[in-house]
Amino acid sequence: MMKYLLLSTAVLLSDTRTTRPVQGWGSEGHEIVANIAYQHLSSKAQSIIQDILQLNDDDDNDNKNSQSPLAKIANWADEIRSHEEYKWTARMHYVDVRDDIVSGGCHPLDDEKKKEGCVFDYKRDCGDDVCAVGAIVNFTNILSSYYHPQHNDEDDDDEQSQDGGGLRGGQAAQQQQMIKKDDVFTNMRQTSLKFVTHIVGDVHQPLHVSRTSDVGGNTITVKLAASARKQQNDNDDDNENDLSYSYPTVDRNGQPLLLLKEDDDNQQLSHHHSHNLHSVWDTTIIEHAITKFYDGSQSSFQASIVQDLPNYLSSITSSSSLCMDGSDVTCVSTWANESWDYALDYAYANVDGTEIESGVVIGDEYLDRRMEVVKKCLGLGGLRLANVLEMALNVEEKEEEKEEIVLSPLVRGALSS
């Protein structure tokens with residue numbers, strides 16, 4: 001399961017500087033998932049995370065007034081994806097369900113097709129474990145295995161006792177090895193935590209678990225109705241009062257999107273002034289909701305999701321969907337299938353149930369009615385991320401309870417409230 005990540009360990013320890021962001025959920029969505037998760041962690045897990053991220057007291061005070069420690073690293077996996085040494089991580093942000101090999105394809109509200117292969121199948125859709133589901137499982141296991149410093153200390157004590165004290169030169173060399181080992185452990189813990197935080201968010205975005213044939217809705221171009229936004233013109237960057245939503249500027253592999261001008265087939269624009277269905281679910285629905293219903297406040301939007309968490313959990317009828325173990329591929333696969341169902345039933349479908357095709361106009365009704373689905377996905381993503389981290393950082397508790405559905409205390413509280 002961990003083979004492709006272990007082969008890339010050197011990359012995980014390489015330079016982690018950032019460039020312009022590449023969006024999964026938009027930055028708002030990932031921050032909301034991370035904030036909800038942090039809010040539902042035990043104080044012990046919060047302390048461990050602050051230690052892994054090497055935060056000081058000043059950082060902690062800043063978090064109380066702005067974003068949680070997890071929110072601050074929630075978009076890191078998108079930000080580094082355009083780096084040459086991280087391009088291999090692109091496929092870990094999504095799942096392509098192979099509708100292209102299902103006779104007739106997979107379409108909205110077609111329950112019969114689900115019996116014929118229109119479901120997420122890990123063996124078929126996540127070859128060599130390289131997809132969002134495989135990445136969550138792998139990085140969760142890496143985070144868990146690299147977390148326990150007491151095991152490393154025991155190994156170092158054994159080495160010292162066998163050495164019998166040694167000479168000063170030997171002790172100095174041994175100390176240097178210990179420092180290098182600590183650096184490796186620190187980097188692996190931080191990197192794994194960053195990837196887990198981000199990709200758990202990704203797998204809860206319905207069009208990140210979606211059809212191969214349209215690249216997760218990226219090839220379905222759409223327009224936003226004037227009622228949903230003011231018309232955007234060529235000098236929109238100079239008009240700060242114009243209500244406009246984020247355009248996708250890169251593809252899902254972090255490469256710039258280029259659009260041919262209508263009047264010149266050989267001239268390309270560096271900015272992709274066009275929406276696609278994927279970008280509507282990444283950013284537009286969230287931006288629309290925050291602007292229209294929450295007075296422009298992301299924190300108010302997030303608070304409304306937290307308030308509805310008990311309803312989101314109680315709406316889960318399958319016991320397997322309550323599973324929250326990020327190290328279990330069967331468990332994480334249930335989340336992917338949940339997102340796949342939302343993709344077919346809501347993302348790809350107009351409000352009248354017909355299938356969205358390229359060129360369709362997206363209006364307020366679609367954005368408003370899909371908002372509740374997006375809120376539920378963000379809420380469940382946050383709760384599941386909280387539980388993934390609780391279990392990864394408390395292995396003994398996980399081993400004792402692994403035969404039953406495991407919920408962290410605060411997640412249980414959300415379920416019972």
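Around the amide H of residue 209, modelled in the peptide plane, lie the amide H atoms of 95, all under 5 Å away and 5 or more residues distant in sequence or on another chain. Ranking 28, 112 from most to least accessible surface, computed with a 1.4 Å probe over the protein chains only, gives 112, 28. Taking 0.36 nm per residue of separation and subtracting the Cα-Cα distance, full extension of the segment from residue 226 to residue 368 would add 49.7 nm.
Ligands, DNA and RNA excluded, the heavy atoms of residue 188 present near 0 Å² of accessible surface to a 1.4 Å solvent probe. Solvent-accessible area per residue in the range 301-364 equals 38 Å², computed with a 1.4 angstrom probe and all protein chains kept.
Checking every one of the GluC sites (Glu not before Pro) in the range 315-381 against DSSP loop status and a limit of 15 other Cβ atoms within 10 Å picks out 357. Take residue 76: with every protein chain present and a 1.4 Å probe, its accessible area is about 10 Å². A Stokes-Einstein calculation at 25 °C with viscosity 0.890 mPa s, built on the Kirkwood radius of the range 270-390 over Cα pairs, returns a diffusion coefficient of 155 µm²/s.
The values are calculated or read from the model by the stated rules, or taken from the named source; none is laboratory data. Small disclaimer: the values here were computed from a predicted structure and weren't measured. Neighbour counts are summed over all protein chains in view; Cβ atoms, including those assigned to glycine, are modelled from backbone coordinates with ideal geometry. Just the protein is used for accessible areas: all its heavy atoms, side chains included, with ligands, DNA and RNA removed. Shrake-Rupley method; radii C 1.70, N 1.55, O 1.52, S 1.80 Å.
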